[in-house]
Amino acid sequence: MKKIVFVGSGAIATAVGNVLARKGMYDVTLLSIEKEVVESINNQRLNISYFPNVKLSRTLKASSDINILGDADVIFMAIPSTAVVDYLFENKKYLNPRAIIVNLAKGFGKDDKLIPDCVRTFLVNPILTMKGPSFAREIINRQETGFTLASYTNEYFNDIADLFENTNIYFDYSNDINGVEYASILKNIYAIIIGMLDANYDSANMRSLIITKAINEMRNLLISFGGKDITMFNYCGFGDFSLTALNDLSRNRTLGLLIGKGFFNSGISEKVVLEGRIAVDVFYQKVQDSQIDINAYPLMSELYHVFNDNDYPTKKFVKNILNKIK
């Protein structure tokens, strides 16, 4: 029986772990530092912090014992992106060196570098990334969900795809692992922008206009940093962007709605740590460091000013964008 460990016990770890546990073919464990969550999963079949009203599979377990990583065949990383690299580095002695590591986290790793690029410098394990339009609530409710599975080679695609056979999880595949990682970060930036638009205008025409410009900016940024054009048409690209930008379950879209409605100030800005908020500053700096013309990205650069200019007039955000793209 394959041993599968999810590092983390949050919404996505619980949802995807439950999908695999329901098959009854694997030993699936959520590795968590949250004692109450571990106890609630093992004793009540509930994750009291994230899905308090959803009965989990009888075979899904939780543990706080890091030693279980030593026997794992597959390790899914489902903790915040900024913690993934340090976690793996600090605990590499516990890892089965033959385990396949699958990154579920969406965001930059250490020092604003991509997680796979960081991890492969100190681990011999095969590294894959799994990204797509995937609200955890819908996954756990057995709604069909698409992910892009990316790796530097094709060698391990079948191993992961076989795990999810006959479940509600669907895959497309890519060797553009950096492009997939970038796409999963960029969509958060542009979801904020669409949220700000929708906060002020109920216009299908204008929304379609800005969405088109957003997709083009994402595509061009992806290519500029070494990604492949085709990646924008995978689940991780257009699929994840459309989910995040157009659904109110999205935290980054919700942030955009709040900013657009005026519920935002410099004090809040300093406390907001959502992926999109962080990514704006990182990408803006990367563009400048690469000597790429920042004016080629009017949507992203205008959002950068929202977060970094004191007393930015958010009501003028959309008009400022429209003036720039004419």
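The values are calculated or read from the model by the stated rules, or taken from the named source; none is laboratory data. Since the model is a prediction, treat every value here as computed from it, not as a measurement. Cβ placement follows ideal geometry from the backbone for every residue including glycine, while neighbour counts extend to all protein chains displayed. Protein only, heavy atoms only, side chains kept; ligands, DNA and RNA dropped before computing areas. Shrake-Rupley method; radii C 1.70, N 1.55, O 1.52, S 1.80 Å.
Taken one residue at a time, the phi angles of the stretch 66-74 give Karplus couplings (6.51, -1.76, 1.60, θ = phi - 60°) of 5, 5, 5, 5, x, 9, 6, 8, 9 Hz. Gly and Pro are set to x.
Using alpha carbon centroids, what distance separates the stretch 1-49 and the stretch 91-115, in Å? Each part's Cα centre sits 19 Å from the other's. Accessible surface of the chain, 1.4 Å probe: 47 percent of it comes from carbon and sulfur atoms.
The lysines within cross-link reach of Lys23, meaning a Cα-to-Cα straight distance under 21 Å and a gap of 8 or more places when in the same chain, are Lys2, Lys3, Lys55, Lys61. Compute the long axis of helix 81-90 from its Cα atoms, compare it with the longest principal axis of the Cα atoms of the chain, and write down the angle in degrees, 0 to 90, nearest 10. Roughly 40 degrees, rounded to the nearest 10. Computed over the stretch 1-151, relative contact order equals 22 percent, with contacts defined as Cα pairs under 8 Å that lie 6+ residues apart.
Determine, for each peptide in 317-324, 179-186, the mean count of other beta carbons within 10 angstrom over its residues, then list the peptides with the highest first.
On the way: 317-324: 16.2, 179-186: 27.6.
Put in order of decreasing packing, that is 179-186, 317-324.
Can you give the calculated 222 nm mean residue ellipticity of the chain, where each DSSP H run of n ≥ 4 adds -39,500 (n - 2.57) and the sum is split over every residue, rounded to the nearest 500 deg cm²/dmol? Kindly include the intermediate steps, with their values, before the conclusion.
Values: 14 runs with 152 residues, N = 326.
The helix-only estimate for the chain comes to -14000 deg cm²/dmol at 222 nm.
Scoring 100-108, 166-174 by mean Cβ neighbours within 10 Å over their residues and listing the highest first yields 100-108, 166-174.
Taking the Cα centre of the chain as origin, sum charge times position over the Cβ atoms of Lys and Arg (+1) and Asp and Glu (-1), and report the length of that vector in debye to the nearest 20. Each step should come with its number before you reach the end.
On the way: 35 positive and 35 negative charges, 124 e Å.
Dipole size: approximately 600 debye.
Which angle from 0 to 90°, rounded to the nearest 10, does the C-alpha axis of helix 11-22 make with the longest principal axis of the chain? Computed tilt is about 40 degrees. Which angle from 0 to 90°, rounded to the nearest 10, does the C-alpha axis of helix 35-44 make with the longest principal axis of the chain? Between the helix axis and the principal axis of the chain, the angle is about 60 degrees.
Below 8 Å, C-alpha to C-alpha, sequence gap of six or more: please give me the relative contact order for the stretch 128-276 in percent.
Working: 235 pairs, mean separation 44.9, N = 149.
Computed value for the stretch 128-276: 30 percent relative contact order.
Here Lys261 is the anchor, and the aspartates and glutamates within straight C-alpha reach of less than 12 Å, apart from those fewer than 8 places off in the same chain, are Asp198. Taking every alpha-carbon pair under 8 Å whose residues sit at least 6 apart, the chain reaches a relative contact order of 13 percent.
Both radii were evaluated on the Cα set of the stretch 12-69; the Rg over Rh quotient, with Rh as the Kirkwood radius, amounts to 0.92.
For Lys228, the lysines whose Cα comes closer than 25 Å to its Cα, not counting residues fewer than 8 places off in the same chain, are Lys106, Lys110, Lys113, Lys131, Lys187, Lys213, Lys286. Summary of the geometry: the stretch 221-244 and the stretch 64-90, compared by the centres of their Cα atoms, lie 27 Å apart.
When DSSP assigns beta bridges and you keep just the ones with both residues in the stretch 58-157, what percent turn out antiparallel, to the nearest 5?
Values: 4 of 11 bridges.
So the antiparallel bridges amount to about 35 percent of the total.
Per residue, how large is the accessible surface of the stretch 207-326? Use a 1.4 angstrom probe and give square angstrom. Could you put the intermediate results ahead of the total?
Details: 6170 Å² over 120 residues.
About 51 Å² of surface per residue is accessible.
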